[in-house]
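What follows is a set of notes on a single structure, which appears directly below.
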Amino acid sequence: MKPRQKRFVYIIVAVAAIGLAVGLVLNALKDNVSLYFTPTQVYNKEAPEGRSFRIGGLVEAGSVKREADGLTVHFAITDLHKSLPVVYKGILPDLFKEGKGVVAQGKIEADGLMHASEVLAKHDENYMPPEAKDALDKAAAANAAATGAASSVGAASAVPVAQ
Amino acid sequence: MAINWFKYSAPTTFYGLAGKLVPWFAVASAALFAVGLYIGFAVAPMDATQGEFYRIIFIHVPASILSMFLYLIMAGYAALGLIFNTRLSAMMASAMAPTGALFAFISLWTGALWGKPMWGAWWVWDARMTSELILLFLYLGFIALHSSIDDPRRADRAAALLAIVGSVNVPIIYFSVKWWNTLHQGSTIKFSGTSMHIAMQQAMFTMLAACWLYAIAVTLARVRSIILEREKQTKWVSELPEVAQGEGKQ
Amino acid sequence: MSLDIWMRENPLTYVWIGSYAVAFLVFAVEIVMVKHKRKITLQQVRLMHDVEQVEQE
């Protein structure tokens, strides 16, 4: 290759790389940068209607129900203000648990349920051995029993909760 | 006794200094990698929610931190080169770019491998991951732009501008998990401390130190070649023992 | 799907091969490239130096 051609190739690569970078920015901005909407935003009609979007929050305690086929799961996503019922058919991630963070993608159908095509688990930034976790959970349970406020607010740290 | 710092900013002296430093940094880095891996896999306990998979953090977080800091340092050197027109600064910036790009790649790769078992997806277009991917493309853009221009001084200036403009992306990466809803969790290392068990912390910080030393060693080794290449017409280069050696061999 | 099951049965192998082996392979490739660049550059500079010597003589 002549130096001139080489230069040309390098310029193309540079332009492509920068173009790709800018394109990715625009792509991310188009989706409003945030990955998901909260249930409160959905109730306030801030989420897109009639098309697929992501909703994030906690799996509401006591809401998970499996149908007889063993694959279809009903649960509700809550941000502790509002909650939204979701139905999903498929394999759930390992970390999917009541009271834990979750992000579901799907469309709200006429039946008022979000029919999810993908369910992702969201974990928090705390890392500790199982014994430490047990001790923390016990302390939290004792605390909750003492104050009488039984709620899973402690687990909410993984997900920003709408005010 | 005052040290003349400008003496070391001259390629002539820096070439020799870097040559002396490289083996030390390389050996220290290898030792710390061994210690870090030992603590990470033999001492640090399993995580309560993520089991063994969380152990990816010991390479994922250091690689991500390095990819961001190296970019800022690279942009700083590039800016120094633009403002003061010093020869060495631009050479340091070009020497750091490939290492930064590789750390960004490792960060993305290990992140994908962590995301699959834990979240349920290799990749999601959330703000944290997208901005880290942009960082990788900024590094590649810097390298490609620099190689596309034949005149080294002009190449330095053009690439420096790209590096400087791109540095706005670094705070976006760091704060993305705060500013927007992302699938990626918040930062484990915060300005106020860390949210991690002590042995896990030790493993992560040892690996972080090892990555720093590795990056310094490999950058210094690379900048020596860049100095030789760009100063090859000068007298001091032809007087170097490793160059003069070539005599008689014909 | 079978990968999903395999990684859950062998999490440490998955972590080692998938993340650590790849990261160290990347480092190894980078070290080889840096050494190669050093060799090539030295060759070029020596060549230039030798040519100058011949011209002077």
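The values are calculated or read from the model by the stated rules, or taken from the named source; none is laboratory data. In this text the structure is predicted, and so the values were computed from the model without any measurement. Because the Cβ atoms are built from the backbone with ideal geometry, glycine has one as well, and the counts that use them run over all protein chains shown.
Here are a few things to note about the model shown:
Quick grid of which residues meet (1) within 13 Å of the chain's Cα centre (by Cα); (2) in contact (Cβ under 8 Å) with a residue 40 or more places away in the chain:
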residue	(1), (2)
B:PHE33	no, yes
B:TYR38	no, no
B:ALA44	no, yes
B:THR49	no, no
B:PHE53	no, yes
B:MET74	yes, yes
B:ARG87	no, yes
B:ALA97	yes, yes
B:LEU102	yes, no
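Conditions (1) at pLDDT 85 or above; (2) among the aromatic types (Phe, Trp, Tyr), marked per residue:
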residue: B:SER176; (1), (2): no, no
residue: B:ALA199; (1), (2): yes, no
residue: B:TYR214; (1), (2): yes, yes
residue: B:ALA217; (1), (2): yes, no
residue: B:VAL223; (1), (2): yes, no
residue: B:ILE226; (1), (2): yes, no
residue: B:GLN245; (1), (2): no, no
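- B:TYR71 vs. criteria over 18 Å from C:VAL26 (Cα atoms) and touching a Gly at 6+ places or on another chain (Cβ under 8 Å): yes
- For the range B:197-222, a tally of residues being outside any helix (DSSP H, G or I) and surrounded by 23 or more Cβ atoms within 10 Å (Cβ to Cβ) returns 0.
- Which listed residue is within 11 Å of chain B (Cβ to nearest Cβ), touching a residue at least 40 places away in the same chain (Cβ under 8 Å) and closer than 21 Å to A:PHE53 by Cβ, from A:LYS107, A:LYS122, A:LYS82: A:LYS122
Conditions (1) in contact with a strand residue (DSSP E or B) (Cβ under 9 Å, 6 or more places away or on another chain); (2) surrounded by 20 or more Cβ atoms within 10 Å (Cβ to Cβ); (3) farther than 29 Å from C:GLY18 by Cα, marked per residue:
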{"position": "B:ALA18", "(1), (2), (3)": "no, yes, yes"}
{"position": "B:TYR38", "(1), (2), (3)": "no, no, no"}
{"position": "B:ALA42", "(1), (2), (3)": "no, no, no"}
{"position": "B:ILE57", "(1), (2), (3)": "yes, yes, no"}
{"position": "B:ILE73", "(1), (2), (3)": "no, no, yes"}
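- Among the candidates C:VAL51, C:VAL22, C:VAL45, residue that is more than 19 Å from B:ILE227 (Cα to Cα) and facing chain B (nearest Cβ under 7 Å): C:VAL22
- Criterion violated by B:GLY115 - all others in (1) within 19 Å of the chain's Cα centre (by Cα); (2) more than 7 Å from every other protein chain (Cβ to nearest Cβ) satisfied: (1)
- For the range A:87-122, the set of residues classified as among the acidic types (Asp, Glu) and under 13 Å from the mean Cα position of the chain (by Cα) consists of A:GLU118 only.
- Residue in the range B:159-174 that is surrounded by fewer than 20 Cβ atoms within 10 Å (Cβ to Cβ), in a helix (DSSP H, G or I), more than 9 Å from every other protein chain (Cβ to nearest Cβ) and of a type outside the set (A, V, I, L, M, F, W, C) present: yes
- Test: residue in the range B:179-190 that is part of a helix (DSSP H, G or I) and either buried (at least 22 other Cβ atoms within 10 Å of the Cβ) or of a type in the set (A, V, I, L, M, F, W, C) (or both): yes
- When we screen B:SER67, B:SER89, B:SER94 for residues that are within 21 Å of B:MET207 (Cβ to Cβ), away from chain A (no Cβ under 13 Å) and among the hydroxyl-bearing types (Ser, Thr, Tyr), the only hit is B:SER67.
- Hey, B:ALA28 more than 14 Å from chain A (Cβ to nearest Cβ), within 23 Å of the chain's Cα centre (by Cα) and in contact (Cβ under 8 Å) with a residue 24 or more places away in the chain or not: yes
- Filter result for the condition that a residue is under 14 Å from the mean Cα position of the chain (by Cα) and in a loop (DSSP other than H, G, I, E, B), over A:LEU84, A:LEU35: A:LEU35
- The C-beta contact set for the range B:121-148 (first residue more than 21 Å from B:TYR174 (Cα to Cα), second residue surrounded by fewer than 21 Cβ atoms within 10 Å (Cβ to Cβ) and hydroxyl-bearing (Ser, Thr, Tyr), distance under 9 angstrom, 6+ apart or interchain) comprises B:ALA144/A:TYR10; B:LEU145/A:TYR10; B:HIS146/A:TYR10; B:SER147/A:TYR10; B:SER148/A:TYR10.
- Members of the range A:100-112 found to be of a type outside the set (D, E, K, R) and crowded, with 17+ Cβ neighbours inside 10 Å, listed by number: A:GLY101, A:VAL102, A:VAL103, A:ALA104, A:GLN105, A:GLY106, A:ILE108
- Some residue of the range C:42-52 being under 26 Å from B:PRO62 (Cβ atoms), without any contact (Cβ under 8 Å) to a residue 24 or more places away in the chain and under 21 Å from the mean Cα position of the chain (by Cα): no
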